[in-house]
Amino acid sequence: MKYGINLPNFGPQIDPEGILAWARTAEAAGFDNVLLSDHVVLTDDANRRSPAPFYECLATLSWLAAGTESIRLGSGVLIGSHRHPAHLAHATATIDRLSGGRLIVGIGVGWTAQAFDVLGVPFTRRGRLTDTTLETLIAAWTSETYDAPGSAGTHRVHNGPLPLQQPHPPLWIGGNGPAAIDRTNRLGTAWHPLHPTRGLCIAGVASLAPGREFVPRIYFLPTERSVESPDRPLGYGTINQIRADIDFLSEIGAQTIVLDTDPGDQRLRRSTDHDLDLIRIAGESLGMSRVAVL
C-alpha cells in the first residue's frame with residue numbers, strides 16, 4: 001500500500017516554514033505523495049471551511065518541488081473551471097518537468113458558488129467546463145501542438161515543455177457522486193473520493209472501468225479508545241481500527257490511500273507541530289518505509 005497525506009495549505013496555523021516541514025516530514029516518514037487544496041479566490045463560503053491565508057496551490061507545488069527530493073506532489077483537488085485550460089496545461093506540464101516527473105493532478109468540479117460568481121464562471125455549467133479542461137490537458141500534455149478555440153476561430157498552440165511523465169501526469173478525479181465516477185472512466189486515471197463511506201467505496205469501485213484506480217482520501221485521526229459508532233468515518237478510531245479500515249480499502253482495490261489529519265472543523269484544528277507528530281505516527285504505525293519510496 002502507498003500512502004499520501006493531505007497538507008492543509010490554509011489557515012492561521014500554517015506558514016511557509018510549516019508547509020515545507022509538512023512535505024519534508026511526510027517524505028522522511030515514507031509517504032508516497034502530498035496533496036494541496038485549491039481555491040483561486042477565497043469567498044466567504046470557502047473561508048468558513050478553509051480560512052485565510054490560503055497559499056495558492058500551483059505556486060506552492062512548484063516551490064515544494066525545489067524543497068523535496070522524491071515525494072510526489074499533487075493537487076487534491078484543483079477546481080477544474082477556475083483557470084483557463086491552456087494556462088493550466090502549461091503550468092502543470094512545467095511543474096512536472098521541474099519536479100522530475102513527480103506531479104499528480106487532481107481535479108474536481110468545485111462547490112463554492114460565490115467564487116464562481118467572482119470569476120465569471122457559470123456555476124451550473126461547472127461539470128461540462130471541467131470536462132473541457134480535462135480534454136485540453138490530455139491534448140496539450142501528449143502532443144507538441146494542439147488546436148484551441150478562440151473568439152476569432154481555432155488556433156494552433158505550440159507546447160513545451162511537455163510533461164516528463166508518459167503518457168501524462170496522473171489525473172485523479174475528485175468527487176463522490178456518479179458524475180465523478182463517469183468522469184474518471186472517460187478522462188481520468190483514478191477516482192479520488194473525499195471521506196467516502198464504506199458503502200460508497202464498494203459501489204463506486206464496482207462502477208469503475210477496467211484500469212481505473214481507486215484512491216480514497218480518509219481521515220487519520222487516531223483515538224486512544226475504540227470508536228463504536230456504526231457511522232464511524234474511515235480513518236477515525238484506534239490505530240487497530242484504522243488498520244482495519246485500510247485492510248478493507250485494500251481488499252476492494254485501493255493501492256494508494258490519502259490520509260487527512262484535518263478534522264474538518266477549524267475549531268478542532270491543532271498546531272503544525274501536532275500535525276507533524278501525526279505524520280510520524282502514521283508512518284510508524286502503518287509500516288511505511290523510506291526505502292520503499294526511493
Taking segment 95-127 only, how many residues are in a helix (DSSP H, G or I) and under 13 Å from Arg183 (Cβ atoms)? 2
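Look at Glu27 and say whether it is over 15 Å from the mean Cα position of the chain (by Cα) and either in contact (Cβ under 8 Å) with a residue 60 or more places away in the chain or in a strand (DSSP E or B) (or both). Give the steps one after another, and end with the answer.
Working: over 15 Å from the mean Cα position of the chain (by Cα): yes; either in contact (Cβ under 8 Å) with a residue 60 or more places away in the chain or in a strand (DSSP E or B) (or both): yes.
Against the criterion (over 15 Å from the mean Cα position of the chain (by Cα) and either in contact (Cβ under 8 Å) with a residue 60 or more places away in the chain or in a strand (DSSP E or B) (or both)), Glu27 qualifies.
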Any residue that is crowded, with 16+ Cβ neighbours inside 10 Å, within 15 Å of Leu194 (Cα to Cα), modelled with pLDDT of 95 or more and hydrophobic (A, V, I, L, M, F, W, C) - is there at least one of those in segment 233-244? yes
Give me the residue from segment 1-13 that is out of contact with any strand residue (DSSP E or B) (no Cβ under 7 Å at 6 or more places or on another chain) and open to solvent by 10 Å² or more (accessible area, probe 1.4 Å) and, out of that set, farthest from Arg269 (Cα to Cα). Pro12
Report every pair of residues separated by at least 6 positions or lying on different chains whose Cβ atoms are under 6 Å apart, first residue within segment 92-108 and of a type in the set (Ser, Thr, Tyr), second modelled with pLDDT under 95 and crowded, with 24+ Cβ neighbours inside 10 Å. none
Of all the residues that make up segment 180-230, how many are at pLDDT 95 or above, open to solvent by 60 Å² or more (accessible area, probe 1.4 Å) and not polar (S, T, N, Q)? 13
Residues that are open to solvent by less than 70 Å² (accessible area, probe 1.4 Å) and free of Cβ contacts under 8 Å to residues at least 60 places away in the same chain, at least 2 per element: which strands (runs of 3 or more DSSP E) completely within segment 128-176 meet that? 145-150
Can you name the residue in segment 106-125 that is of a type in the set (Val, Ile, Thr) and open to solvent by 80 Å² or more (accessible area, probe 1.4 Å) and, of all such residues, is nearest to Pro169 (Cα to Cα)? Thr124
Has segment 65-73 got any residue that is open to solvent by 30 Å² or more (accessible area, probe 1.4 Å), closer than 28 Å to Ile181 by Cα and part of a strand (DSSP E or B)? yes
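The values are calculated or read from the model by the stated rules, or taken from the named source; none is laboratory data. Computed from a predicted model, the values in this text were never measured in an experiment. In this analysis, Cβ positions are derived from the backbone assuming ideal geometry, glycine residues included, and neighbour counts consider all displayed protein chains. What goes into the accessible areas is simple: the full protein's heavy atoms, side chains included, and nothing from ligands, DNA or RNA. Shrake-Rupley method; radii C 1.70, N 1.55, O 1.52, S 1.80 Å.
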